[in-house]
Amino acid sequence: MCTSTQRVDLAAPVGLDEVGRGALAGPLVAAAVALPAATLPPPGVWLRDSKQLSPEQRDRTEAWIRAHASLVLIEVIGVDAINGLGIGWANRMIFARLMARLGPRRYLVDGNLRLHGLGPAGARVVCRCQGDAHEPAIAAASIVAKVFRDRLMRDLDPAYPQYGWRGNAGYATPVHQRALKADGPCLHHRTLFLRRLLEATPP
């Protein structure tokens, strides 16, 4: 699954970031964002790690990003693929898919990942720890991916209200864990993650 908004600007570096790697349920989502040079957000808009923003701040900033970015792409890898091939595979593959769609560009990626060789010929991949705190394009990608994934989980919430996905987006909050123990998992849960959680939880 993929979505895109694109106005080609080959000079701008492309920020890449993913959301949902550590969740117990739901897909992995990654975004690619390129911002024109010297694009500065106005007051009330924050280009920083998406987890440091409130939902309202993320929504406001995401709208600004989509209005001003020269490129916005999103990729999604679903639970079935994660359960079958693992989250490590999914984390590499989701970035590989984004880079394959964009071609030989300069990519800025959050984290200390081994992504060299995944992109197309001529691509330059720079991985930076805490990149979403230092690179506006990575922060923008983090926010776009987070807003997109949170909306997906909110859409699933009415069918599975016991898990509290509207508030926890599939992560291991106490509400989510209690519901798993009481009702068991559903088809949107990650089987390996649940096995590890249950093994680590005292009886």
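Restricted to strands (runs of 3 or more DSSP E) entirely inside the range 1-117, those with at least 3 residues that are more than 14 Å from the chain's Cα centre (by Cα) and closer than 17 Å to residue 132 by Cα are 106-110.
Which of the residues spanning the range 14-44 are at pLDDT 95 or above and among the β-branched types (Val, Ile, Thr)? Answer for the range 14-44, where residues must be at pLDDT 95 or above and among the β-branched types (Val, Ile, Thr): 14, 19, 29, 33. For the range 97-112, the count of residues that are closer than 23 Å to residue 25 by Cα and in contact with a helix residue (DSSP H, G or I) (Cβ under 8 Å, 6 or more places away or on another chain) is nonzero. For the range 177-192, what are the residues that are not in a loop (DSSP other than H, G, I, E, B) and not acidic (Asp, Glu)? 177, 178, 179, 180, 181, 182, 189, 191, 192 - these are the residues of the range 177-192 that are not in a loop (DSSP other than H, G, I, E, B) and not acidic (Asp, Glu).
The selection criterion, being modelled with pLDDT of 95 or more, within 22 Å of residue 12 (Cβ to Cβ) and either in contact with a helix residue (DSSP H, G or I) (Cβ under 7 Å, 6 or more places away or on another chain) or among the β-branched types (Val, Ile, Thr) (or both), holds for residue 94. Within the range 155-177, residues that are basic (Lys, Arg) have Cβ atoms under 7 Å from residues that are modelled with pLDDT of 95 or more and assigned to a helix (DSSP H, G or I) in these pairs: 166/154; 166/157, counting only partners at least 6 apart in sequence or on another chain. Of the residues making up the range 132-174, those that are surrounded by fewer than 24 Cβ atoms within 10 Å (Cβ to Cβ) and touching a Leu at 6+ places or on another chain (Cβ under 8 Å) are 135, 136, 171, 172.
Quick grid of which residues meet (1) at pLDDT below 95; (2) in a helix (DSSP H, G or I); (3) out of contact with any Asp or Glu (no Cβ under 6 Å at 6 or more places or on another chain):
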| position | (1), (2), (3) |
| --- | --- |
| 152 | no, yes, yes |
| 155 | no, yes, yes |
| 167 | no, yes, yes |
| 171 | no, no, yes |
| 175 | no, yes, yes |
| 194 | yes, yes, yes |
| 203 | yes, no, yes |
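The values are calculated or read from the model by the stated rules, or taken from the named source; none is laboratory data. Keep in mind it's a predicted model, so treat the numbers as computed, not measured. Neighbour counts are summed over all protein chains in view; Cβ atoms, including those assigned to glycine, are modelled from backbone coordinates with ideal geometry.
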